[in-house]
1. Count the lysine pairs in region 270-374 whose Cα atoms lie under 20 Å apart, taking only pairs 8 or more positions apart in sequence or on different chains.
2. Please list, in order along region 321-334, the HN-Hα scalar couplings obtained from phi with the Karplus expression 6.51 cos²θ - 1.76 cosθ + 1.60 (θ = phi - 60°), rounded to whole Hz, x for Gly and Pro.
3. Residue-wise, which Karplus ³J(HN,Hα) couplings in Hz belong to region 154-171, taking 6.51 cos²θ - 1.76 cosθ + 1.60, θ = phi - 60°, and x for glycine or proline?
4. Might you report the magnitude of the Cβ-based charge dipole of region 227-276 about its Cα centre, with Lys and Arg at +1 and Asp and Glu at -1, to the nearest 20 debye?
5. To the nearest 0.05, how large is the calculated FRET efficiency for E348 and S130 if R₀ is 45 Å and r is the Cβ-Cβ distance?
6. List E67, E4 from most exposed to least, where exposure is judged by having the fewest other Cβ atoms within 10 Å.
7. Can you sort T147, T110, T79 from fewest to most other Cβ atoms within 10 Å of each residue's own Cβ?
8. Under 5 Å between amide hydrogens, which residues at least 5 positions from G327 or on another chain qualify, with H placed 1.01 Å from N in the peptide plane?
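Every number in this text was worked out from the coordinates using simple rules, so none of it is lab data. All figures in this text were calculated on a predicted structure; none of them were measured in a lab. Because the Cβ atoms are built from the backbone with ideal geometry, glycine has one as well, and the counts that use them run over all protein chains shown.
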Amino acid sequence: MQTELIELAIALVVLALIMVVLRRASLKSQRKAPATAKERLEEQPKEAPKAVEEAPVVVVKEQVDDEAAAAYKAGLAKTRGGFVARMGKLFSKKKIDAATVDELEEVLFTADIGPRAADRIFQAVKSNMSKTELEDSDKIWAQIKKTSREILSVDAPPVDMASKKPFVLLVLGVNGVGKTTTIGKLASLWKAQGKKILLAAGDTFRAAATEQLEEWAKRAEVDIVKGKENGDPSSVIFDAIKKGADEGYDLVICDTAGRLHSNTGLMDELKKIRRVADKALTGAPHETWMVLDATTGQNAIAQAKTFKTDMQITGIVLTKLDGSSKGGVVLGICDELKVPVRYIGLGEKIGDLRPFDPAAFVEELFEDPQRTAA
Ligand SMILES: Nc1nc2c(ncn2[C@@H]2O[C@H](COP(=O)(O)OP(=O)(O)OP(=O)(O)O)[C@@H](O)[C@H]2O)c(=O)[nH]1
Ligand SMILES: [Mg+2]
């Protein structure tokens, strides 16, 4: 009897244990599916909110990229509508004859790309392609694009601004080409990349030049060193470079006048600026960029040639492509000067500046609707 009682007690204890285990399991499974939104949020892994935050950023970035691509396309519309459209018309049929190839010569030589670049492209087609290839407009079009890419891809190392502190960039060019505007755009671009930037108002010749640069400095939220009107531009640039070095600036961008009383005067002044910059910081200026106005067509090539002899130009900024059908001049500039185009200006606003990428430029320029439709 006593043994039976003990066995009954053991069975009851086991039963109670089983019930406790079953109850716990049931509670656990209930907790797995949170009932309220708050519970759901609390149950989410720590990374979840981050993913939610990141999503709109991606969308905004895509929008910006789309807008930038559209602005780039629009900026090149006039040039695309010029000599590129004339070539596109020639090659709008798939199969063409020898006469069409000869017409290409005329279009190239009357385009604003300079005779050397025109000849280089024409010879790449006429002399380097087989008879059967010359009947195929797609092949010719591809050859024109390939040669243009080659002309534009001037062999030059990328600008390493971090290699010097401060890195000194001298900007020059004839009057009205867009030097001051370009400096404002560059300052804004590089400031957004986290650089500490100082502008030097080296155009003391024109009354409003300093105020104009000051306005750009405000827009780009960077600092500026100014001199007196009709003062010595070299001394402004000297002071700016010294300040740049003393106060830990990453970059000093120097504006210069585009016109003096005579052109010889301008060249001498610019040479003096170079010497003085080197005195302020040995090796400065580290880059000298010439700004050229695309609307002036082949005149831009002539200007660059004149300056290159005396001024050791290391880069070109081609402005006003948005207002010109003569943007093909960039081919002539690269071919004749062998100086890389660093940036292109596509409008008057602070964001209307793009780094120059030969492959992307050729793709945009030669995207001809007439050929695409053919
Ligand atoms: N459409 C267009 N206009 C531009 C561009 N870049 C500059 N400009 C305009 O060109 C004009 C001259 O620009 P500035 O920056 O003053 O030229 P600058 O070379 O400094 O002129 P100077 O100081 O007189 O030698 C201004 O009206 C600018 O807005 C561009 O890429 N596109
Ligand atoms: Mg200016």
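1. For region 270-374, qualifying lysine pairs total 11.
2. So the Karplus estimates, Gly and Pro as x, are 4, 5, x, 9, 9, 9, x, x, 4, 4, 5, x, 4, 5 Hz.
3. For region 154-171, the Karplus curve yields 5, 6, 8, x, x, 6, 9, 5, 6, 6, 10, 9, x, 7, 10, 10, 9, 10 Hz.
4. Result for region 227-276 is approximately 240 debye, rounded to the nearest 20.
5. Values: r = 47 Å, r/R0 = 1.05.
Taking R0 as 45 Å, the efficiency between E348 and S130 is 0.40.
6. Sorted ascending by nearby Cβ count, the order is E4, E67.
7. T110, T147, T79
8. T79
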